[in-house]
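One structure is given below, encoded as structure tokens.
The values are calculated or read from the model by the stated rules, or taken from the named source; none is laboratory data. Only a predicted model underlies this, so the values are computations on that prediction, with no experimental measurement involved. When we count neighbours, we look across all protein chains shown, and the Cβ atoms used for this are built from the backbone with ideal geometry, even at glycine.
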Amino acid sequence: MSSKVQKMDGSNSELGAKPVLADVDWLGDHLDDPEIRIVDARSSFDYHKGHVENAINIELLNIVRSKGGLPAMCASEKDIGALLSSKGIGNDSTVMIYDNFGGLFSARLLWTLEHFGHTKVRVFDGSIKRWLDDGDKFVKEVPSFPPTKFSTSRIDRNLATKEWILEHIKDPKVKFLDVRKEGEYSGKVAFGRRGGHIPGAVHIHWVEAIDPSTGRFKPLDKLKKMYTTKGITPDKEIATYCWMGMRASHGYMMLRLLGYPRVRNYDSSWSEWGDLDECEVER
């Protein structure tokens with residue numbers, strides 16, 4: 001496995017091709033497509049109980065690590081490259097991801113893939129329960145694909161760090177999107193030493209992107225209106241955050257599906273920001 005690094009931190013840098021939604025029909029038509037790797041992002045326990053035919057399993061624990069006391073940080077470039085290679089995912093593969101939790105685990109994998117240079121990604125529209133509801137079946141057979149030599153290319157322009165946020169906290173071209181619960185945003189509920197939010201951050205709870213009546217993501221036009229009315233517009237660079245970068249990945253995914261060209265996920269999120277006196281808190 002070879003790798004290269006593209007450290008493009010300028011606010012004008014764009015992420016390129018956006019991810020695409022996949023529905024039941026698309027998935028059914030591509031079960032045996034050799035250019036597609038279907039990825040089940042649920043837990044290995046759920047995966048082995050039954051999964052979509054030809055789906056491989058990449059669970060959350062495969063792509064995150066505890067680092068410096070911070071939970072669920074992105075695994076190293078070396079580890080991610082080795083993981084993708086072992087799963088038979090090549091640089092030319094289109095990865096189609098699904099989960100059973102509103103796209104939350106799919107989003108974390110999507111952000112990770114884009115962080116390491118892979119943008120040929122589709123995301124199942126909502127919970128994979130819709131696959132079963134539509135009359136399709138799960139299988140228990142675990143597919144085997146030949147290993148590849150996935151070449152990573154780390155893209156730092158989709159990652160927000162504490163240092164980057166401090167540098168851009170008063171930048172009118174940058175907006176911060178807090179996707180936690182209202183109580184976390186207001187500071188009434190605190191995970192860590194301090195409660196509150198990054199000064200100037202806009203609040204949109206991540207579940208607001210999901211239609212509760214269908215379990216699918218809300219139509220893209222409604223999503224765009226939801227974000228733009230709060231000032232989260234495509235002309236801005238957007239940094240999403242939550243407590244440990246998971247829910248923030250969902251906000252990141254929604255904006256990327258809408259074609260926002262400059263989006264970052266604050267991987268450390270409030271587990272870091274809320275505990276550091278140098279980081280200002282607003283309530």
Taking segment 191-221 and keeping only residues that are assigned to a loop (DSSP other than H, G, I, E, B), at pLDDT 95 or above and among the β-branched types (Val, Ile, Thr), one is left with Ile198, Ile204
Give just the number: which of (1) under 24 Å from Arg154 (Cβ atoms); (2) out of contact with any helix residue (DSSP H, G or I) (no Cβ under 9 Å at 6 or more places or on another chain) does Trp111 not satisfy? (2)
Hits in segment 132-157 (condition: surrounded by 20 or more Cβ atoms within 10 Å (Cβ to Cβ) and either at positive phi or part of a helix (DSSP H, G or I) (or both)): Arg157
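So that you can scan it fast, the table gives a plain yes or no per residue for (1) more than 19 Å from Lys175 (Cβ to Cβ); (2) outside any helix (DSSP H, G or I); (3) in contact with a His (Cβ under 9 Å, 6 or more places away or on another chain):
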residue	(1), (2), (3)
Val189	yes, yes, no
Leu223	no, no, no
Ile232	no, yes, no
Met254	no, no, no
Trp270	no, no, yes
Matching residues in segment 168-187 (closer than 18 Å to Tyr252 by Cα and not in a helix (DSSP H, G or I)) number 9
Checked Ile128, Ile198 against criteria (in contact with a Phe, Trp or Tyr (Cβ under 6 Å, 6 or more places away or on another chain) and within 21 Å of Tyr47 (Cβ to Cβ)); the one match is Ile128
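One line per residue, one yes/no per condition, for (1) at pLDDT below 95; (2) within 10 Å of the chain's Cα centre (by Cα); (3) more than 25 Å from Val189 (Cα to Cα):
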position	(1), (2), (3)
Glu237	no, no, yes
Cys242	no, no, no
Ala248	no, yes, no
Leu258	no, no, yes
Pro261	no, no, yes
Tyr266	no, no, no
